[in-house]
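*Asks:* This structure is in structure tokens; I'll ask about it shortly.
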Amino acid sequence: MKLSEEQKSQMLKRLDEAWGAEKICPVCHRNEWAVFDTIYEVREFVGGGMSVGGGAIIPCIAVTCKHCSNTLFFNAIKLGLVPPPEEEKKGEKEAA
């Protein structure tokens, strides 16, 4: 899913808040990143098959080091780009 301009701005702001000013790559120790404007899915591994609707899916934003290609994934729900699943919403209401 491609992000809108508003979502891109929100994502970059949240990444700056969470990551801080020095975004040093833990592999090559440089600060040269490419931030993708697409939300990707990380799916639960089910033995090499495809699980549709039954397994956990985490929506993520990918950030890749331009020097060494190390790639980090940030949870798009926690960044506020994707609403949490209904189960999480229910649990939060019950806890309140």
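*Asks:* At 0.36 nm per residue, and after removing the present C-alpha to C-alpha distance, how many nm does the segment from residue 22 to residue 67 gain when stretched out fully?
*Replies:* Extra length from residue 22 to residue 67 when fully extended: 14.6 nm.
*Asks:* Greater than 18 Å separation of Cα atoms is the criterion. Which listed pairs, 13/66; 23/66; 2/23, meet it?
*Replies:* Violating the 18 Å Cα-Cα cut-off are 13/66; 2/23.
*Asks:* Quick one: net charge around residue 64, please, counting Lys, Arg +1 and Asp, Glu -1 for every other residue with C-beta under 13 Å from its C-beta.
*Replies:* +1
Taken together, the values in this text are just the output of simple stated rules run on the coordinates, not laboratory data. In this text the structure is predicted, and so the values were computed from the model without any measurement. Methodologically, a virtual Cβ is constructed for each residue, glycine included, from the backbone with ideal geometry; neighbour enumeration extends over all protein chains shown.
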